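A.B. asks: The structure is given below, and queries will be raised subsequently.
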Amino acid sequence: MKAIRFQKTGGPEVLALEDVTLASPGPGQVRVRHTAIGVNFIDTYHRSGLYPVPLPSGLGLEAAGVVEAVASDVTAVKPGDRVAYCSGPMGAYAEANNVSASRLVKLPDGISDETAAAAMLKGMTAQYLLKRTYKVQKGETILFHAAAGGVGLIAGQWAKHLGANVIGTIGSDDKRSLALSNGYAHVLNTRNEDWVARVRDITGGKGVPVVYDSVGKDTFEGSLNSLAVRGLLVSFGNASGAVPPFEPGILSAKGSLYLTRPTLMHYTATPQELQETADDLFAVIASGAVKIAVHQRFRLEDARKAHEALHSRATTGATILTP
């Protein structure tokens, strides 16, 4: 089969399409023939070496498709079932992958393969951020960075559905209307306005109880300065680079703040947690409260171009690869 591989860490240029042999599913495994593959920022962290992986390596954690074969001990799914996954193993940038049956989610009839590949990782991330890392309450004003990104577009709609007043940030003004049409009441440009001052203005000087920050280095200090006393900074990504080391005393100086660095893996650690999280996501999509927007599509062999688009910050919504 064809798969994207990289022999060394680096920029998008290290990605190459190769012919590989996929073994039969091992104990507890299922072979999934992919129909749509999700592209996520965490893939760029693996490729660049920010999150080290053994080399050479495949890439990608998220895909949807059809069960093609199962190990003899697997009973939860059968050949022909429509399924999706978003927590690996690495190697989703391929025509097929062997996946643990315990990490698969069956797709309901109302969720297309493309929607699942675009929404599983980003949508379940939004679910745990808004409903478990910090339980967003009706009437609260919250701040969500990268409002026009894949997670941001889902989170804006979902937070509005929960009754929140959502402030979003963008990096260019051409993304403003997109954010406003996806649940954000206020949209601030981090590159050409004093967005921290604007957050304070919007909240009557108090600040927000929670900031969701996937940008990292460029917004970290401003995020802390946007929080209310005893507010929570949820740092869940590094799009601009890793947050540099800092003295923990800064948290007390700025208002006895809290900081967490969560991952989806720890919020979907068991098959039950995984299924419940996915079911909540599928339900809110089915209700129409959250719509999934796939704005970029690339062929599998063009994975390098997909990563170049991510790095240019020219993408909005979800990006998928098709085998």
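The values are calculated or read from the model by the stated rules, or taken from the named source; none is laboratory data. Given the structure is predicted, the values throughout are model-derived calculations rather than measurements. In this analysis, Cβ positions are derived from the backbone assuming ideal geometry, glycine residues included, and neighbour counts consider all displayed protein chains.
A.B. asks: Report every pair of residues separated by at least 6 positions or lying on different chains whose Cβ atoms are under 6 Å apart, first residue within segment 176-189 and closer than 18 Å to Lys291 by Cα, second assigned to a loop (DSSP other than H, G, I, E, B).
C.D. replies: Filtered contacts from segment 176-189: Leu178/Ala148; Leu178/Thr316; Ala179/Ala147; Ala179/Ala148; Tyr184/Ala147.
A.B. asks: Can you tell me which residue among Ser112, Ser172 is outside the structural domain of Gly88 (by TED's automatic domain parsing), surrounded by fewer than 24 Cβ atoms within 10 Å (Cβ to Cβ) and not aliphatic (A, V, I, L, M)?
C.D. replies: Ser172
A.B. asks: Which one of these is in contact with a strand residue (DSSP E or B) (Cβ under 7 Å, 6 or more places away or on another chain), polar (S, T, N, Q) and in contact (Cβ under 8 Å) with a residue 40 or more places away in the chain: Thr315, Thr268, Thr277?
C.D. replies: Going through Thr315, Thr268, Thr277 in turn, the sole match is Thr315.
A.B. asks: Take the conditions over 19 Å from the mean Cα position of the chain (by Cα) and polar (S, T, N, Q) and apply them to Ser181. Does it pass?
C.D. replies: yes
A.B. asks: Exactly one of (1) more than 23 Å from Leu321 (Cβ to Cβ); (2) within 15 Å of the chain's Cα centre (by Cα); (3) surrounded by fewer than 19 Cβ atoms within 10 Å (Cβ to Cβ) is unmet by Lys138. Its number?
C.D. replies: (2)
A.B. asks: Quick one: in segment 144-169, which of the residues that are part of a helix (DSSP H, G or I) and out of contact with any Gly (no Cβ under 7 Å at 6 or more places or on another chain) is surrounded by the most Cβ atoms within 10 Å (Cβ to Cβ)?
C.D. replies: Going through the qualifying residues, I end up with Ala155.
A.B. asks: Residue check: is Ala71 in contact with a Gly (Cβ under 7 Å, 6 or more places away or on another chain), under 28 Å from Arg313 (Cα atoms) and without any contact (Cβ under 8 Å) to a residue 60 or more places away in the chain?
C.D. replies: Against the criterion (in contact with a Gly (Cβ under 7 Å, 6 or more places away or on another chain), under 28 Å from Arg313 (Cα atoms) and without any contact (Cβ under 8 Å) to a residue 60 or more places away in the chain), Ala71 does not qualify.
A.B. asks: Which strands (runs of 3 or more DSSP E) sit wholly inside segment 14-99 and have at least 2 residues that are within 19 Å of Ala278 (Cβ to Cβ) and in contact with a strand residue (DSSP E or B) (Cβ under 6 Å, 6 or more places away or on another chain)?
C.D. replies: In segment 14-99, 29-39, 63-70, 82-85 are the strands (runs of 3 or more DSSP E) which contain 2 or more residues that are within 19 Å of Ala278 (Cβ to Cβ) and in contact with a strand residue (DSSP E or B) (Cβ under 6 Å, 6 or more places away or on another chain).
A.B. asks: Next question, about the same structure. When you go through (1) in contact with a helix residue (DSSP H, G or I) (Cβ under 9 Å, 6 or more places away or on another chain); (2) under 16 Å from Thr125 (Cβ atoms); (3) in a loop (DSSP other than H, G, I, E, B) one by one for Glu273, which number turns out not to apply?
C.D. replies: (3)
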